Amino acid sequence: MTTPNFSPRWNGDDPMGNSNRSILVQFRAGRCKVEGTTITPDTRKGIFRIIQDEQHLKHVQWIDRSNGLIEEDYFTFSDVDLERIAQSSGRVFLLRWRDRSNKLFFWMQETNAEKDEDHFLLIRQALNGPEAGQTEEPGPEDPSGAVSTPAATPAADETNSGQQTAPSQLTTEQLQYILENMNPQVSGLDIPSVAELLSPEVVLPMLRDPAIEQSLQSLVQHLPEDDSSPEAVAELLSSPQFRQQVAALSQALQSGQAGELLRSFGIDAQSNESGMVALLQGLLRYHAQTRSMNPSEDNPMDET
Amino acid sequence: MADEGWCTIESDPGLFTGLLSDIGVKDVQVEELFSLDVESMNKLGEVFGVIFLFKWKVQDGDGDQIVNGTLMEPSSVPIYFANQVINNACATQAILSIVLNSPELDIGTELSEFKEFTKDFDPTMKGLAISNLKTVRTAHNSNSPNQHFVLEGMKKGEKDDDIYHFVSYIPHDGSIYELDGTKAGPIKRGEAGDNWIEACIPVIQSRMNEYSVNEVRFNVMAIVRNRENMYLKEIAKLEEEKKTKGETEASEIAARIAELQADLEAERVKRKIWKRENARRKHNYVPFVMELLKLLASKGELNKIIESAKAEKKKRMEASAKPES
């Protein structure tokens, strides 16, 4: 999907070659790596941009200018705040997802620092909808007053995002859409691994759900003999032995063609999908299939 | 051929104990040593060999330059010495180096025959023969987290995995020998004296010092007699002895027996945990994982667990990094 060596001129061309997508803001910026408590600039030349795709989903992207690969691609379902990092000597800014699901640091690579404020304004508009820019003056990112235009209050900024705010809960349809449009070659994808999906923090609360707890009985046959009681299952899922195998499975899924394995468990994986994408796509198909067979969704599935 | 799949396994005394039993070695177990002092060494009872494990950096582990020891020509000492031909097998190879050099151990028919058959091979051939020893490989792999799936196009994880290196120490003919499969032969490290395990402490210590600058991940394990049987035998012996003694002495013996009973009980609890962990290690969770994911998907919960997993991940990342500084 990505085009290596595409034009270094950034006039709003879409490297995805898809005219239905619109670029809301784009300028030269680098990424920053966060290690421990320090932020280090990734010295590569890059492009920061926010696009809106044909589904009206907004993506924050970072592209390596040397090869044109989109290295970071995040959906913004929830509100995202822009913050300028005052302590930094360079021109560093932060995008913070309000649901705390994500945080990204960038540094400006545009030579003219005076344009930074314009770029920040465009980012806010892109993130919070066009009204944010049309009705408001530039945001309050610089309390020193270097900006000549009157500053809006942060509260005004937040209320302004109202109309465009997407629900922060990912829907099945959105998930489907993300998976279909995903390029597995691009790193930095926001798809959790199997190990992350089945971490005790995630899965144990699920298993306490009465509807699922009931169906779980049919799964204990797949567990070691001594681990079939509900308490044992909870302990097992947290045990290093289970975690290690799931981590190994995650790794295998990320690096290999999972089709055959998935199909052996009745998960319909397509040959053009690989790894986690194949698994999740297959599971979504399974969901669609079971829903059509069993619209009430109340009965435990017949696992054969 | 030698590359026909040895998976990485964890280094854990319970796992190694299970492995020894799986390959037919009787009446032994593996104990981890948390401290290299005389007291804890002497508590071990009969020790057949010590395994020293450390994270291996290629640049400093290489070469045949030996500090504080003498590299022996393999054919010059009657020690079963094999070169290591695959990295992932090294834990098992370290165990074999000890049991194949412990004539007092019952190592079962298969290993005895193997030892007899390969005894005149050179170290490389011995290493190759070990790597092709099916029973041992099967037992080894049954403990690996990725034994149940090899996916098409999957990368071999050997290079980036943490490479651990295992070295064995055994007493032989009054000396302590280090058996390191990456070296050309056994290395004589010093005199064994009356108590070889005590003499082994400074040897391991000096070996540790070669690495200790950046290396914190050491692990020392000993192959010892099965403790449960050992306690049972000792209790039985004391019970007999008690019968022949007078009242005061008998009550002293009874107190010792009570102590041993407590040790025995603790050992049994430990064995039970090991057994459960080993069963969990060997179990194939892929069907469970797939059916669980299907169950969650069929209930329309897939999007929820993805959201929740993402939130957990970010929580973890935020906990480990406070970037605004």
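Any read-out appearing in this document is the output of simple, stated calculations on the displayed coordinates, not a laboratory observation. In this text the structure is predicted, and so the values were computed from the model without any measurement. Every residue, glycine among them, receives a Cβ derived from its backbone with ideal geometry; neighbour counts consider all protein chains shown.
For a straight C-alpha distance cut-off of 24 angstrom, the lysines reachable from B:Lys313 (same-chain residues fewer than eight places away being disregarded) are A:Lys33, A:Lys58, A:Lys103, B:Lys294, B:Lys299, B:Lys304, B:Lys322. Overall size of chain B from C-alpha positions, given as principal axis extents largest first: 75, 55, 52 Å. Seen from B:Val38, the other residues with C-beta closer than 14 Å to its C-beta sum to a net charge of -3, counting Lys and Arg as +1 and Asp and Glu as -1. Size descriptors for the stretch B:227-282: radius of gyration and Dmax over Cα atoms are 15.2, 52 Å. Can you pull a Stokes-Einstein diffusion coefficient for the stretch A:209-259 at 25 °C (0.890 mPa s), Rh from Kirkwood over Cα pairs, as a whole number of µm²/s? Reported coefficient: 197 µm²/s. When chain B is modelled as a GNM with alpha-carbon springs shorter than 10 Å, which of B:Ala266, B:Ala255, B:Ala279 fluctuates the most? Sorting by GNM fluctuation, first place goes to B:Ala255.
Mind checking which of B:Lys313, B:Lys188, B:Lys43 has the largest fluctuation in a GNM of chain B, springs on alpha carbons under 10 Å? Evaluated over chain B, the most mobile residue of the options is B:Lys313.
When chain B is treated as a GNM with alpha-carbon contacts under 10 Å, the residue of B:Ile187, B:Ile235, B:Ile223 showing the greatest mean-square fluctuation is B:Ile235.
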